[in-house]
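Data first, discussion second: the structure below is written as structure tokens.
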Amino acid sequence: MKVAFMSSVCPAMTLAELIAAGQKHGYEGIEFRPEWDQKHGIELAMSPADRKDAAQMLADGGLAGCCLSPGVWFSKEEEGARDEELAKLLTFIDLAADTKIGR
């Protein structure tokens, strides 16, 4: 188990600032909340190069991206809406894989 903190407690921090804060306070990981307009930049719109850079920054900083917590809702009654949420989830799985979050 790793002691981690959520990016939502520091929404104005960049990824580099989150890593520095985590190191300073003895954390081992960060849980990222995409879609909340936070400054860490871990978002679906990241380019492949930015995804690779983020993974490297976390590795170099000695912190794990322990969790990616998007807002995906499967409780919607309409089947089509659930299908859209599943498609959205799959794009977040790609983001997590590319940034090595959750490994």
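Restricting to segment 80-103, name every residue that is of a type in the set (Asp, Glu) and at pLDDT 95 or above.
If the condition is that a residue be of a type in the set (Asp, Glu) and at pLDDT 95 or above, then 94, 98 are the ones that fit.
Which condition does residue 60 not pass, out of (1) closer than 16 Å to residue 97 by Cα; (2) surrounded by fewer than 12 Cβ atoms within 10 Å (Cβ to Cβ), if it passes all the others?
(1)
Examine segment 28-35 for a residue that is of a type outside the set (S, T, N, Q) and loosely packed, with under 13 Cβ neighbours inside 10 Å, and state whether such a residue exists.
no
Checking residue 36 against (1) at pLDDT 95 or above; (2) within 13 Å of the chain's Cα centre (by Cα); (3) of a type outside the set (Ser, Thr, Tyr), only one condition comes out false. Which one?
Status for residue 36: all satisfied but (1).
Exactly one of (1) more than 13 Å from residue 99 (Cβ to Cβ); (2) touching an Asp or Glu at 6+ places or on another chain (Cβ under 9 Å); (3) modelled with pLDDT of 95 or more; (4) basic (Lys, Arg) is unmet by residue 51. Its number?
Result: residue 51 passes all but (1).
Quick test for you: out of 86, 90, 44, 95, pick the one residue that is surrounded by fewer than 17 Cβ atoms within 10 Å (Cβ to Cβ), in contact with an Asp or Glu (Cβ under 9 Å, 6 or more places away or on another chain) and farther than 12 Å from residue 30 by Cα.
44
The values are calculated or read from the model by the stated rules, or taken from the named source; none is laboratory data. This is a predicted model, so every value here is computed, not measured. So basically every Cβ, Gly included, is an ideal-geometry build from the backbone, and we count neighbours across all protein chains shown.
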